[in-house]
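Structure record follows, encoded as structure tokens.
What follows draws every value from the coordinates through simple rules; no lab data is involved. Just so you know, these numbers come straight off a predicted model, no measurement behind them. Glycine gets a Cβ as well: all are built from the backbone with ideal geometry, and neighbour counts include every protein chain shown.
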Amino acid sequence: MTVLHPSPQTFAGAPKSTAARIGIGGPVGSGKTALIERLIPVLRARNVNLAVVTNDLVTKEDAERLRRSGLIEPERVLAVEAGACPHTVIREDPTLNMAAGDELEASFPGLELIVFESGGDNLASTFSLDLVDWWIFVIDVAGGDDIPRKKGPGVLKSDLLVVNKIDLAPHVGVNLERMLAEASAVRNGRPVIATNARAGDGVEALADAICRAVLFRE
Ligand SMILES: Nc1nc2c(ncn2[C@@H]2O[C@H](COP(=O)(O)OP(=O)(O)OP(=O)(O)O)[C@@H](O)[C@H]2O)c(=O)[nH]1
């Protein structure tokens, strides 16, 4: 058997990836973009040098929304048009997203964090670990309190589960405490955070989780 030992020069031209890369996925309308809009100022207040890549089906709507928001320099937001089920470009073949991340790193030396927002998809969407170091799955109470019990891969496999729109629980007849307990149970106790992206509730806790997990900051 021949074992090849590539020389260091083999990798000389490869882009050096230094920024942590995280994913934010979840069903259509669960509040992924709203959470990113809340997270950006909180992370920037902590001096995190960040950029965002959005994924939409056939438009750049989420990227344009963030660019117009005034929360982040527009050049720090890139868009990938999936052209198919969004999970294909975050899981099956994340090449386009990896290239977008590399482009941001080349444009912004010292970049520490790249957030990849997946376009809305079903409960089965997950991120390739070739693309991200750590990922969040966002569901919302208005989607139904039975979502954790359905045990979709996003709910089970994500590093952090976010249950958003907690302000709507009384309006849609959801027992929030039970929903959070069931979410925690199906995840065998792995972290779950409750948020209201409208008001910003839970966003500091979300920022804490990101900083601890991928930036190694307390
Ligand atoms: N009441 C309430 N509404 C919210 C909350 N978070 C988001 N919304 C609303 O829910 C709708 C969808 O939010 P988005 O942030 O666009 O959801 P998304 O997951 O990015 O949607 P896609 O990109 O289409 O998958 C918007 O009308 C938001 O204003 C929340 O915590 N509470």
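Count charges around Arg149 for me, please; just the other residues with Cβ under 13 Å from its Cβ, Lys/Arg as +1, Asp/Glu as -1.
Counting the neighbours of Arg149, the net charge comes to +1.
For the chain, find the longest principal axis of its Cα atoms and tell me its angle to the long axis of helix 32-45, 0 to 90°, nearest 10.
The angle comes out at about 70 degrees.
Considering only Asn164, Asn122, Asn97, give the residue with the highest GNM mean-square fluctuation for the chain, with springs between Cα atoms whenever their separation is below 10 Å.
So, out of Asn164, Asn122, Asn97, the one fluctuating most is Asn122.
At 222 nm, what value in deg cm²/dmol follows for the chain if DSSP H runs of at least 4 each add -39500 (n - 2.57) and the sum is divided by all its residues, to the nearest 500?
Result for the chain, helices only: -8500 deg cm²/dmol.
List the residues, sorted by chain then number, that are 5 or more residues from Asp201 or on another chain and whose placed amide H is less than 5 Å from its amide H.
Asn196
Calculate one ³J(HN,Hα) per residue across the stretch 186-198 by plugging θ = phi - 60° into the Karplus curve 6.51 cos²θ - 1.76 cosθ + 1.60, and present them in order as whole Hz with x for glycine and proline.
So the J values, rounded to whole Hz, are 5, 9, 6, x, 5, x, 9, 10, 9, 9, 10, 5, 4.
Which residues' amide hydrogens lie under 5 Å from the amide hydrogen of Ala82, considering only partners 5 or more residues apart or on another chain, with H built in the peptide plane?
For Ala82, whose amide H was placed from the backbone, the distant partners under 5 Å are Asp56, Leu57.
Under unit Cβ charges (Lys, Arg +1; Asp, Glu -1), what dipole magnitude, rounded to 20 debye, does the chain have relative to its Cα centre?
My answer is approximately 380 debye.
Please list, in order along the stretch 23-30, the HN-Hα scalar couplings obtained from phi with the Karplus expression 6.51 cos²θ - 1.76 cosθ + 1.60 (θ = phi - 60°), rounded to whole Hz, x for Gly and Pro.
Calculated HN-Hα couplings, in order: x, 10, x, x, x, 3, x, 6 Hz.
Please report the antiparallel percentage of DSSP beta bridges with both residues in the stretch 78-218, rounded to the nearest 5.
Around 10 percent antiparallel, to the nearest 5.
Work out from phi, with θ = phi - 60° and the Karplus expression 6.51 cos²θ - 1.76 cosθ + 1.60, the ³J(HN,Hα) of each residue of the stretch 203-209, listed in order in whole Hz, and give x for Gly and Pro.
Each residue of the stretch 203-209 in turn: 6, 5, 5, 5, 5, 4, 4 Hz.
May I ask you to list the aspartates and glutamates whose Cα is less than 18 Å away from that of Lys60, ignoring any residue fewer than eight positions away on the same chain?
Once the sequence-local aspartates and glutamates are set aside, what remains near Lys60 is Glu37, Glu73, Glu75, Glu81, Glu103, Glu117, Asp121.
Counting other Cβ atoms within 10 Å, keep those with at most 12, restrict to DSSP loop, and tell me which chymotrypsin sites (Phe, Trp or Tyr not before Pro) in the stretch 119-218 are left.
Answer by residue number: Phe216.
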